[in-house]
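Worksheet for the structure shown next.
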Amino acid sequence: MARTKLTTIDSLSFQEIGEDADLIPLMTPEDEDAMNKEDLPEVLPILPLRNTVLFPGVVIPITAGRDKSIKLINETNKGSKVIGVVSQKEEGKEEPGIGDINTIGTVAQILRVLKMPDGNTTVIIQGKKRFEVTEVITKDPYITATVQGVAEAKPAKDNEEFQAIIDSIKEMALEIIKVSPNIPSEAAFAIKNIESTSFLINFVSSNLNISVAEKQKLLEINNLKDRALETLRYMNVEIQKLSLRNDIQSKVESDISQQQREYFLQQQMKTIQEELGGNSNEAEIEEMRTRAKSKGWGKEVKEHFDKELTKLQRMNPQVAEFSIQRNYLDLLLDLPWNEFSKDKFDLKRARTILDRDHHGLDEVKKRIVEYLAVLKLRNDMKSPILCLYGPPGVGKTSLGKSIAEALGRKYVRMSLGGLRDEAEIRGHRKTYIGAMPGRIIKSLKKAGTSNPVFVLDEIDKLSVGSQGDPSSAMLEVLDPEQNHAFYDNFLELGYDLSKVMFIATSNSLSTIQPALRDRMEIIKVSGYTIEEKVEIAKKHLLPKQLKEHGLDKSHLKIGKKQLEKIVEGYTRESGVRSLEKQVAKMVRHAAMKIAMEEDYKVKVTNEMIIDVLGAPKMERDKYENNDVAGVVTGLAWTRVGGDILFIESILSKGKGQLSMTGNLGKVMKESATIALEYIKSNADMLGIDPNVFEKYNVHVHVPEGATPKDGPSAGITMLTSLVSLFTQRKVKKSIAMTGEITLRGKVLPVGGIKEKILAAKRARIKEILLCEDNKRDIDEINPEYLKGLTFHYVKDMSDVLDLALTKEKVKNAKKL
């Protein structure tokens, strides 16, 4: 039996009513006879109850919240105060129709209507007699229906069997009240004083701790004796449940002290689990032992697992180490020991996938196909450790996902940017509370195989903190000779990482620890040319953005010339991230026009680009004209790709001092000093009066002073600028240069050639001067990207000056 509750029509919650509320009237047989003789109205308003069933004679409080229910109660309360109450078939139905309610219900008399402080309406009703809905008349504003009474078959007064059932119901009800802590003892007084047998059955049925559907079945039983027997059966089940609960509590009540409180709670939970057939600690340990049989680990790991499992069995479940030990064993079972995915050796398919996802990057694709070819022939090759090195936005990280698809392996990515705790790599020791394995082991657990493609993103951005040096911890991970037995502090066992294909990504090699860099095969991923960016935008970026914005290719078309205008006018980068943002703006503009049902041009024009993206923000780099002596165009490498820079020199009256500005680094300043000293020592050969150096100061400036600049590659540019200044000879049009110089005038090779060539093409430069040793770098570039460029390969500065300077002097040349 359940304590009398406040039943809610419109929600599944219950609220306790006050203990002094008189909601259990003691109905006499005379009251029952008078109630049964009352005439039943032909038409009744029907009130659906969500989570209870009203029985004849029983008084219950209900809370109404639905508009229909409140309207029904308010209108009926002003009139006959008689309503028909039925229960819903499904408690969660918010707006029940006639098909969602039961047809057998109870006529109810509204005794009192109360407005509660929370705004709800509370109604106290008393059941009268049962009825059956015969026909629905209206559905709005609430349900009304014609009804007919349902006869109830009662046993004779001298029926001894029925009287024995009633006595049993009373005795069992008193027993339930006695052993249940939730039912007030005052309920026993009410039970003893009920004289009407049918009301006793109805009152007990109403308060049984059973479901609404079961109560409805009791209400629908016409024979009072059968209803009494069914009620007695439910009471018997309830008292068994109460006895069982009390038995469970009694098992853990002996010798309890304050220090044993935690142990008591654990034992109670264990007893409940066993009674319900759940998992106890012993069952969990047995389950682990069963799972271990299917693992493919070696003898050493198996012996270690059995030892650790035995240790768990001896542990007290209340100690903190118990959960750590259980987590440790779960990790051993979850790791994919000797579980490998099958590699796909279809090299043509692999190349197709790489070409589909990435435009260009021929060197990287070639290396992956080479790896697949060797793996196909040997089938036991250790996975290489590749490092994709290049500027941001060129597709280094996404390339790892394409490689995983080409190989048919799982893909795992781990970001190392800002990582400063060595435990993130090696894990914590089990002696610490909250210990966990490192991210390498956790990632393999998540992947489910021991040979995934594992991308180590931003390996150049590992930090050093107070918790150790993570980059040093990575040495064991990325060493092919050591990682077959990688040691994680939490795992305490060697785990084979030799089949994992590690792919690191980096924007700069200078910040990678030399020992770590030595363990990786560096593959340079250069920036894209304008032509490559246009193709990438056409094949990848535009379709991707159309899909993400809910459009298709019929809604927006951008031609090659328009894409080239976006590339040149609104982006300056080696990658394509900024380009993708600009393409996204164009797509969003089209989406807005479509959503607002406005006209727009599907085929993008140059004018439309300016309207949407604004005026071009990245005008093409322009080389300075050759009408001023001492201004030369150089080529530079930056982290985001190539760029052009200008070297400006000027003379002023003085004593031969050299000064430099433009946020220059130490190496660049040394290049300027070397260039000036070379000119001084070879003044006669260059046709310069040596006395000039004592009469004039030289100032060298590199514009864009906010940008730091350093490196030796501007050496020949500085020397050409100074010779042009001292001789007042013009520099050829559309020419740029890069190279290091020595005091002897030799030209040395420099790096970043591809990026510098791309910068030169953006600036519409036609001739480029390079060291002869840099010819091999030019040979590696696709000839298609070199169209329109003429390369001059030089060995010493005399070659540079012959090619870069004209015999003609600038207008208004200074007389030195």
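The values are calculated or read from the model by the stated rules, or taken from the named source; none is laboratory data. All of these numbers come straight from a predicted model, not from anything done at the bench. All Cβ positions, glycine included, derive from the backbone under ideal geometry; neighbour counts span all protein chains shown.
Select, from L770, L743, the only residue that is in contact (Cβ under 8 Å) with a residue 12 or more places away in the chain, assigned by TED's automatic domain parsing to the domain that holds L719 and not in a loop (DSSP other than H, G, I, E, B).
Values: L743 fails: not in a loop (DSSP other than H, G, I, E, B).
Among L770, L743, only L770 is in contact (Cβ under 8 Å) with a residue 12 or more places away in the chain, assigned by TED's automatic domain parsing to the domain that holds L719 and not in a loop (DSSP other than H, G, I, E, B).
Has the stretch 653-663 got any residue that is assigned to a helix (DSSP H, G or I) and in the same structural domain as M737 (by TED's automatic domain parsing)? Steps first, answer last, please.
Here is the first cut: in the stretch 653-663, the ones assigned to a helix (DSSP H, G or I) are none.
No, because not a single residue in the stretch 653-663 is assigned to a helix (DSSP H, G or I) and in the same structural domain as M737 (by TED's automatic domain parsing).
Do we have any residue at all in the stretch 806-816 that's under 17 Å from I644 (Cβ atoms), in contact (Cβ under 8 Å) with a residue 12 or more places away in the chain and not β-branched (V, I, T)?
Of the stretch 806-816, the ones under 17 Å from I644 (Cβ atoms) are none.
Scanning the stretch 806-816 turns up no residue that is under 17 Å from I644 (Cβ atoms), in contact (Cβ under 8 Å) with a residue 12 or more places away in the chain and not β-branched (V, I, T).
Residues in the stretch 670-677: is at least one part of a strand (DSSP E or B), in the same structural domain as F791 (by TED's automatic domain parsing) and within 26 Å of L770 (Cβ to Cβ)?
Filtering the stretch 670-677 down to residues part of a strand (DSSP E or B) leaves none.
Checking the stretch 670-677: not a single residue is part of a strand (DSSP E or B), in the same structural domain as F791 (by TED's automatic domain parsing) and within 26 Å of L770 (Cβ to Cβ).
Restricting the stretch 637-686 to residues that are closer than 17 Å to V750 by Cα and among the acidic types (D, E), which is surrounded by the fewest Cβ atoms within 10 Å (Cβ to Cβ)?
Filtering first and then ranking leaves E670.
Yes or no: the stretch 375-384 includes at least one residue that is of a type outside the set (S, T, N, Q) and either in contact (Cβ under 8 Å) with a residue 40 or more places away in the chain or at positive phi (or both). Talk me through it step by step, then tell me what you get.
Initially, the stretch 375-384 is screened for residues of a type outside the set (S, T, N, Q), giving 375-378, 380-382, 384.
Now narrow it down to the ones that are either in contact (Cβ under 8 Å) with a residue 40 or more places away in the chain or at positive phi (or both): 382, 384.
Checked the stretch 375-384: at least one residue is of a type outside the set (S, T, N, Q) and either in contact (Cβ under 8 Å) with a residue 40 or more places away in the chain or at positive phi (or both).
Got a sec? Which of A736, A760 is in a helix (DSSP H, G or I) and either at pLDDT 90 or above or within 52 Å of the chain's Cα centre (by Cα) (or both)? Lay out the reasoning, then the answer.
On the way: A736 fails: in a helix (DSSP H, G or I).
Being in a helix (DSSP H, G or I) and either at pLDDT 90 or above or within 52 Å of the chain's Cα centre (by Cα) (or both) holds for just one of A736, A760, which is A760.
Could you list all residues from the stretch 117-146 that are part of a loop (DSSP other than H, G, I, E, B) and hydrophobic (A, V, I, L, M, F, W, C)?
Looking only at the stretch 117-146, we keep the residues that are part of a loop (DSSP other than H, G, I, E, B), and these are 117-120, 139-143.
Of everything in the stretch 117-146, just one residue is part of a loop (DSSP other than H, G, I, E, B) and hydrophobic (A, V, I, L, M, F, W, C), namely I143.
If T28 satisfies every condition in (1) modelled with pLDDT under 70; (2) under 27 Å from K241 (Cα atoms); (3) of a type in the set (S, T, Y) but one, which is the exception?
That leaves (2) as the condition not met.
Tally up the residues in the stretch 147-175 that are part of a helix (DSSP H, G or I) and either surrounded by 13 or more Cβ atoms within 10 Å (Cβ to Cβ) or not assigned by TED's automatic domain parsing to the domain that holds E75 (or both), please.
Initial filter on the stretch 147-175 (part of a helix (DSSP H, G or I)): 160-175.
Still in the running and either surrounded by 13 or more Cβ atoms within 10 Å (Cβ to Cβ) or not assigned by TED's automatic domain parsing to the domain that holds E75 (or both): 162-163, 165-166, 168-170, 172-175.
Qualifying residue count, the stretch 147-175: 11.
For I609, work out the one condition from (1) in contact with an Asp or Glu (Cβ under 9 Å, 6 or more places away or on another chain); (2) at pLDDT below 90 it doesn't fulfil.
(1)
Within the group A504, A537, which residue is touching a helix residue (DSSP H, G or I) at 6+ places or on another chain (Cβ under 8 Å), in a strand (DSSP E or B) and buried (at least 21 other Cβ atoms within 10 Å of the Cβ)? Show your work before the answer.
Numbers: A537 fails: in a strand (DSSP E or B).
Only one candidate qualifies: A504.
Residue by residue through the stretch 545-579, note down the ones that are free of Cβ contacts under 8 Å to residues at least 40 places away in the same chain, surrounded by 15 or more Cβ atoms within 10 Å (Cβ to Cβ) and either acidic (D, E) or not in a helix (DSSP H, G or I) (or both).
Passing the criteria: only E564.
Given the conditions (1) under 26 Å from R429 (Cα atoms); (2) without any contact (Cβ under 8 Å) to a residue 40 or more places away in the chain, report the number of the one that D518 does not fulfil.
So the condition that D518 fails would be (1).
Within the stretch 65-76, can you find the residues that are modelled with pLDDT under 85 and either in a helix (DSSP H, G or I) or buried (at least 20 other Cβ atoms within 10 Å of the Cβ) (or both)? Quick ask: steps written out before the conclusion?
Residues of the stretch 65-76 that are modelled with pLDDT under 85, as a first pass: 65-67.
Hit for the stretch 65-76 is D67, nothing else.
Would you please name the residue that is surrounded by the fewest Cβ atoms within 10 Å (Cβ to Cβ), looking only at residues in the stretch 413-431 that are in contact with an Asp or Glu (Cβ under 8 Å, 6 or more places away or on another chain) and under 22 Å from S506 (Cβ atoms)?
Ranking the qualifying residues of the stretch 413-431, first place goes to G417.
Of all residues being within 36 Å of the chain's Cα centre (by Cα) and in a loop (DSSP other than H, G, I, E, B) in the stretch 599-615, which is surrounded by the most Cβ atoms within 10 Å (Cβ to Cβ)? Just the residue, please.
V604
For the stretch 383-436, which positions are more than 23 Å from P470 (Cα to Cα) and either assigned by TED's automatic domain parsing to the domain that holds E580 or among the basic types (K, R) (or both)?
K401, R409, K410, listed by residue number.
Checking L475 against (1) touching a residue at least 40 places away in the same chain (Cβ under 8 Å); (2) in a helix (DSSP H, G or I); (3) surrounded by 22 or more Cβ atoms within 10 Å (Cβ to Cβ); (4) among the hydrophobic types (A, V, I, L, M, F, W, C), which test does it fail?
(3) is the only condition that L475 fails.
Scanning the stretch 668-710 for residues that are among the β-branched types (V, I, T) and farther than 22 Å from S798 by Cβ, which turns out modelled with the highest pLDDT? Break it down stepwise before answering.
As a first pass, look at the stretch 668-710 and keep what is among the β-branched types (V, I, T): 673-674, 679, 688, 692, 698, 700, 702, 707.
Adding the requirement that they be farther than 22 Å from S798 by Cβ leaves 702, 707.
Working: V702: 89, T707: 76.
Only one residue fits best here, namely V702.
Within the stretch 774-781, identify whether any single residue is crowded, with 17+ Cβ neighbours inside 10 Å, part of a loop (DSSP other than H, G, I, E, B) and of a type outside the set (F, W, Y), and answer yes or no.
In the first step, residues of the stretch 774-781 are kept if they are crowded, with 17+ Cβ neighbours inside 10 Å; the result is 774, 777-778.
Filter once more, so that each one left must be part of a loop (DSSP other than H, G, I, E, B): none.
No: the stretch 774-781 contains no residue that is crowded, with 17+ Cβ neighbours inside 10 Å, part of a loop (DSSP other than H, G, I, E, B) and of a type outside the set (F, W, Y).
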